[in-house]
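*Asks:* Before we start, here is the structure in question, set down as C-alpha cells.
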Amino acid sequence: MAWKTLDDMDLDGKTVLTRVDINVPVENGKVTDATRIERIVPTIKDILDKGGKPVLAAHFGRPKGQVVPDLSLRVTLDALRKALDVPVIFADPNEKPNKAWVSALEPGQVLLLENLRFNPGEEKNDPAFAAELAALASVYCNDAFSAAHRAHASTEGVAKLLPSCAGRLMQAELTALESALGQPDRPVVAVVGGAKVSTKLDLLSNLVRKVDYLVIGGGMANTFLAAEGVDVCKSLCEHDLGATALDILKAAGEVGCEIILPGDVVVAREFKAGAESEVVGVDACPADAMILDAGPKSVERITEIFGQCKTLIWNGPLGAFEIEPFDTATNAAAAKAAQLTRDGRLVSVAGGGDTVAALNKSGAADDFTYISTAGGAFLEWMEGKTLPGVAALEH
Ligand code: ADP
Ligand code: MG
C-alpha cells in the first residue's frame, strides 16, 4: 500500500488532526443512530494509546459555507463522549482555530472542532483554510473514507501540509476494496442492481473490464432486456439507453466478461405490500404487469456463479427489496454469499445506500467480509476513479 497507517507514525506528545465522518442522523437535537461515531473509536483510541492528542475535524450536513446553528457539531458531543469514554472538549466556535485550544488539551482528552463546512474555505479546498487546520497539529490522520471522493481542505489540502496517514476505518475500507477489485482472487463476480442504468454507467463500464462475471439485476436489468428485444411491459426501464446497454454487452463480450441477466422474473400489477405476484419467463411479462424481482431460476444461476468465484463485489439490490416478496432474490443471493464467506470460500464486499439497507434487512450483512457504508466514495472507487482524499495520502 502506498499510504501510511497509524502503525507507521510516531504520535507521542503530538497533536493529530483527525478527519472523521460523524455526519450522523439527528432528530430533535438527539443522535438517532451513532454507528458512524462508533466506527471511529478504534482510531481515536489508538492515537490516545500512542500518546497523541486527537483533534477531530468533521462536517455535518450542508451549511454551504455559512454558520447554521442547527448544524453545529455540538449535537454529537454526548454520543462521542459515550462511545470514546474520555473527555471531549468542544472548540469555541466563536474563535478562529488557534494553538491555545491544543495547548489546553490534557493527555487523554479529545478536541472536537466545529462543523468545517461553516467555513467556505472547506469545500473550496482553500489553501489558507487548509493551512489554518494544519497549524493546529503536527500529524494528519484521515479516517473519513466516505468523504475521500471530495477534494476539500480537510480531506485533500491539509494532507499535503502535514505528515499523513490513514486511520483504522480508512485502512479497513481501502484494504477491503483492494482485495475486491485491486488485486482480487479470481474468478471475480460483480452484482450490480438497483433502479437505473443511467446512475451506474461508469460503474458498469469499469466492472466489465475488471470482473469475470457481471450479474445485472433490479430495474436496470429491464433496460438491458428491452435492448435485447424483450417486452418489459410496465416495468421501470430506460428505453432511451438501449444503445448504451448494447455497447456494454459488446464491450463485455470483447474482454470475456460474462454478463448474467435474469432468465425468469417476478411480476406484479402494483408495487405495494400484499400485491399479487407471479413468476414468469423473462419474455412472458403480462402486458399490464411490471418486473419487480429476479425469479428462482435466476437466483439459482447467480448462486451457482457465487460458488465458482473467490471474490464478490456487490452494489444494488436484485429487486424492489423494500416491499415483500420482492426482496426474495436479494435475500437468497445474500444468504448464499454469507454462507460461502463463512466457509472461507469467498471474499464478499458490498456497498451503497440501499444495498446496505437491503443486506441488513436480509440478515446476511454481518457475514460479509466487508460492508462499506461510504456511499458516494464507494461507488466512485468501484467506478475506477481516483479519490482525492486517498491520493493525497499517497506520498
Ligand atoms: P444503492 O443505493 O445501493 O446504490 P440503488 O439506489 O441504485 O442502490 O437502487 C436501489 C433501488 O432500486 C431500490 O429503491 C429498489 O426498490 C430499486 N429497484 C430494484 N429493482 C427494481 C425493479 N425491478 N423495479 C423498480 N425498482 C427497483
Ligand atoms: Mg440508492
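*Asks:* Select, from 174, 203, the only residue that is under 20 Å from residue 371 (Cα atoms), in contact with an Asp or Glu (Cβ under 9 Å, 6 or more places away or on another chain) and either within 15 Å of ligand 1 (Cβ to nearest atom) or not small (Gly, Ala, Ser) (or both).
*Replies:* 203
*Asks:* OK, next. When you scan the stretch 328-338, do you find a residue that is farther than 25 Å from residue 180 by Cα and either open to solvent by less than 20 Å² (accessible area, probe 1.4 Å) or among the aromatic types (Phe, Trp, Tyr) (or both), even just one?
*Replies:* Within the stretch 328-338, not a single residue is farther than 25 Å from residue 180 by Cα and either open to solvent by less than 20 Å² (accessible area, probe 1.4 Å) or among the aromatic types (Phe, Trp, Tyr) (or both).
*Asks:* Are any of the residues in the stretch 358-372 open to solvent by 20 Å² or more (accessible area, probe 1.4 Å), among the hydroxyl-bearing types (Ser, Thr, Tyr), touching a helix residue (DSSP H, G or I) at 6+ places or on another chain (Cβ under 8 Å) and away from ligand 1 (no atom under 14 Å from the Cβ)?
*Replies:* yes
*Asks:* Within the bounds of the stretch 266-289, is there any residue that is more than 16 Å from ligand 2 (Cβ to nearest atom), modelled with pLDDT of 95 or more and under 26 Å from the mean Cα position of the chain (by Cα)?
*Replies:* The answer is no; no qualifying residue exists.
*Asks:* So if I check each of 176, 172, 180, 151, which one is in a loop (DSSP other than H, G, I, E, B) and touching a residue at least 60 places away in the same chain (Cβ under 8 Å)?
*Replies:* 151
*Asks:* If we scan the stretch 89-110, do we find a residue that is within 26 Å of the chain's Cα centre (by Cα) and within 20 Å of residue 144 (Cα to Cα)?
*Replies:* Checked against the condition, which is being within 26 Å of the chain's Cα centre (by Cα) and within 20 Å of residue 144 (Cα to Cα), the stretch 89-110 yields no hits at all.
*Asks:* Within the stretch 174-210, how many residues are more than 15 Å from ligand 2 (Cβ to nearest atom), over 18 Å from the mean Cα position of the chain (by Cα) and open to solvent by 30 Å² or more (accessible area, probe 1.4 Å)?
*Replies:* Number of matching residues: 7.
*Asks:* If you don't mind, there's one more thing I want to ask. Would you check which residues across the stretch 373-387 are open to solvent by less than 10 Å² (accessible area, probe 1.4 Å) and away from ligand 1 (no atom under 13 Å from the Cβ) and list them?
*Replies:* Hit for the stretch 373-387 is 387, nothing else.
*Asks:* Does residue 390 satisfy the condition of being in a helix (DSSP H, G or I), more than 13 Å from ligand 1 (Cβ to nearest atom) and either of a type in the set (D, E, K, R) or within 26 Å of residue 150 (Cβ to Cβ) (or both)?
*Replies:* Yes; evaluated as a whole, the condition is true for this residue.
*Asks:* Let me ask something additional. Would you check if residue 236 is at pLDDT 95 or above, under 23 Å from residue 320 (Cα atoms), open to solvent by 10 Å² or more (accessible area, probe 1.4 Å) and within 16 Å of ligand 2 (Cβ to nearest atom)?
*Replies:* Criteria met by residue 236.
*Asks:* Any residue in the stretch 227-242 that is under 21 Å from residue 310 (Cβ atoms), of a type outside the set (Gly, Ala, Ser) and touching a Cys at 6+ places or on another chain (Cβ under 7 Å)?
*Replies:* Within the stretch 227-242, not a single residue is under 21 Å from residue 310 (Cβ atoms), of a type outside the set (Gly, Ala, Ser) and touching a Cys at 6+ places or on another chain (Cβ under 7 Å).
*Asks:* Enumerate the pairs (first residue in the stretch 343-358 and closer than 16 Å to residue 305 by Cα and free of Cβ contacts under 8 Å to residues at least 40 places away in the same chain; second residue anywhere and open to solvent by 60 Å² or more (accessible area, probe 1.4 Å) and more than 9 Å from ligand 2 (Cβ to nearest atom)) with beta-carbon separation below 7 Å, excluding pairs fewer than 6 apart on the same chain, so at least 6 apart or on different chains.
*Replies:* Sorted first by the residue in the stretch 343-358, then by its partner, the pairs are 348/369.
*Asks:* Here's another thing I want to ask about it. Looking only at the stretch 57-73, count how many residues are under 21 Å from the mean Cα position of the chain (by Cα) and open to solvent by less than 10 Å² (accessible area, probe 1.4 Å).
*Replies:* Looking only at that region, the number is 2.
*Asks:* So, restricting to strands (runs of 3 or more DSSP E) that lie completely within the stretch 15-118, which ones have at least 3 residues that are under 22 Å from residue 153 (Cβ atoms)?
*Replies:* 15-19, 53-57, 110-112
*Asks:* Residue 213 passes all but one of (1) within 16 Å of ligand 2 (Cβ to nearest atom); (2) of a type outside the set (A, V, I, L, M, F, W, C); (3) at pLDDT 95 or above; which number fails?
*Replies:* (1)
*Asks:* Considering only the stretch 3-14, state which residues are open to solvent by 60 Å² or more (accessible area, probe 1.4 Å), part of a loop (DSSP other than H, G, I, E, B) and in contact (Cβ under 8 Å) with a residue 60 or more places away in the chain.
*Replies:* 4, 14
The values are calculated or read from the model by the stated rules, or taken from the named source; none is laboratory data. A quick note: this is a predicted structure, and the numbers were derived from the prediction, not measured. All Cβ positions, glycine included, derive from the backbone under ideal geometry; neighbour counts span all protein chains shown. Surface areas here come from the heavy atoms of the whole protein model, side chains and all, with no ligands, DNA or RNA. Shrake-Rupley method; radii C 1.70, N 1.55, O 1.52, S 1.80 Å.
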